[in-house]
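Asker: One structure, pasted below without further comment.
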Amino acid sequence: MTGRSLTLPATLVALRDIEGWLHDVLDAPLGNAATWMLPRVELAAQEVCVNAITHGKLTADQELTLDAELVSWASEPFLCLVIGAGGPPFDPSEIADPDPLAPQVHGYGTMIVRNLTRRFSVDRIGDTNRATLEFSLVAPTRTTGNTSVPDQPHPVSEETTE
Amino acid sequence: MSTDPAPHDPQDGRERIVVRGRLDVVSAPDLRRDALALIEDGQVDLLVDLADATFIDSAGLASLVHAMKRARESGGDVHIVRPHSDDAYYVFELTKFDEVFVIRQPGS
């Protein structure tokens, strides 16, 4: 295993350091997979950290910690990212995905993280939430480059969830 | 994020907002402010050009959805120019907003 850590002040601007850190830590170990994986890892990390800061009402004198490990001893190697933050307890399993037929303004962060990871869980350790995000090293299949013009745009609600 | 004034889209006369770089939780309020100001000013048909956006998170997406909702309430709509970057566009696919917005290819 290889592992590296990052500590950030709990501010939204500081989260922009995550991208460079991920490249520093993971470009070499991931090899070709870094090209498609790192933007997804960054997006998932961003969503978890933003939720921690905003919903946890964290302040700049508090810290976020990020630890990345490439777990290669398992039968299916994976990337493990652990994010630690203060704030009240948070259980993502209690957060339902927004209804795709009723698009809303907010509430997509947890859904995005779930869709980007093979496992997403949060443990409470003392007064800290410890989010564990596992990323498969197998490239997903997807469609790209399509022009999307809906026949009838969906209505958008103001409903907000985590 | 940086935005450029590019007053009217030549294709359909929509008011255009050009976004470059990161559309994230830090920069999203700027886009929301600019879009809502145009809508309040009566420009209810907007085109947000994301061709040169490099990263979009859920907060960036929320700013677009909020503007779209406000525009539709006012009888208009917000159309999107797709990012060149598949990674930046991925958040639309993950959230199914690629089926909600009218999305154009860059350069179209």
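Asker: Restricting attention to segment A:27-40, does a residue exist that is buried (at least 20 other Cβ atoms within 10 Å of the Cβ) and in contact with a strand residue (DSSP E or B) (Cβ under 6 Å, 6 or more places away or on another chain)?
Answerer: no
Asker: Could we say that A:Val50 is within 14 Å of another protein chain (Cβ to nearest Cβ), in contact with a Gly (Cβ under 7 Å, 6 or more places away or on another chain) and under 29 Å from B:Ser85 (Cα atoms) here?
Answerer: So A:Val50 passes the test.
Asker: Okay, moving on. Could you please let me know if A:Leu58 is out of contact with any Leu (no Cβ under 6 Å at 6 or more places or on another chain), buried (at least 17 other Cβ atoms within 10 Å of the Cβ) and not in a helix (DSSP H, G or I)?
Answerer: yes
Asker: To continue, here is another question. Considering every residue within segment A:120-133, establish whether at least one is surrounded by fewer than 15 Cβ atoms within 10 Å (Cβ to Cβ), at pLDDT below 90 and among the hydroxyl-bearing types (Ser, Thr, Tyr).
Answerer: Looking for residues that are surrounded by fewer than 15 Cβ atoms within 10 Å (Cβ to Cβ), at pLDDT below 90 and among the hydroxyl-bearing types (Ser, Thr, Tyr), one finds none in segment A:120-133, hence no.
Asker: Sort through B:Asp57, B:Asp77 and tell me the only one that's out of contact with any His (no Cβ under 9 Å at 6 or more places or on another chain), within 11 Å of chain A (Cβ to nearest Cβ), crowded, with 23+ Cβ neighbours inside 10 Å and among the charged types (D, E, K, R). Steps first, please.
Answerer: Numbers: B:Asp77 fails: crowded, with 23+ Cβ neighbours inside 10 Å.
Of the residues listed, the single one that is out of contact with any His (no Cβ under 9 Å at 6 or more places or on another chain), within 11 Å of chain A (Cβ to nearest Cβ), crowded, with 23+ Cβ neighbours inside 10 Å and among the charged types (D, E, K, R) is B:Asp57.
Asker: Considering only residues that are surrounded by 18 or more Cβ atoms within 10 Å (Cβ to Cβ) and within 9 Å of another protein chain (Cβ to nearest Cβ), which ones fall in segment A:86-103?
Answerer: A:Pro98, A:Pro103
Asker: Only one of these is in contact with a helix residue (DSSP H, G or I) (Cβ under 8 Å, 6 or more places away or on another chain), part of a strand (DSSP E or B), modelled with pLDDT of 95 or more and over 14 Å from A:Thr128 (Cα atoms): A:Leu81, A:Leu64. Name it.
Answerer: None of the other options fit; the residue is A:Leu81.
Asker: Right, next: Kindly indicate which of B:Phe101, B:Phe92 is under 17 Å from A:Ile112 (Cα atoms) and either modelled with pLDDT of 95 or more or within 10 Å of the chain's Cα centre (by Cα) (or both).
Answerer: That would be B:Phe92, the only listed residue that is under 17 Å from A:Ile112 (Cα atoms) and either modelled with pLDDT of 95 or more or within 10 Å of the chain's Cα centre (by Cα) (or both).
Asker: Any residue in segment B:80-93 that is within 7 Å of chain A (Cβ to nearest Cβ) sitting within a Cβ distance under 9 Å of a residue that is of a type in the set (Gly, Ala, Ser) and surrounded by 17 or more Cβ atoms within 10 Å (Cβ to Cβ)? List the pairs, counting only those 6 or more apart or interchain.
Answerer: Close Cβ pairs satisfying both conditions: B:Val91/B:Ser58; B:Val91/B:Gly60.
The values are calculated or read from the model by the stated rules, or taken from the named source; none is laboratory data. Since the model is a prediction, treat every value here as computed from it, not as a measurement. Backbone-built Cβ (ideal geometry, glycine too); neighbour counts: all protein chains shown.
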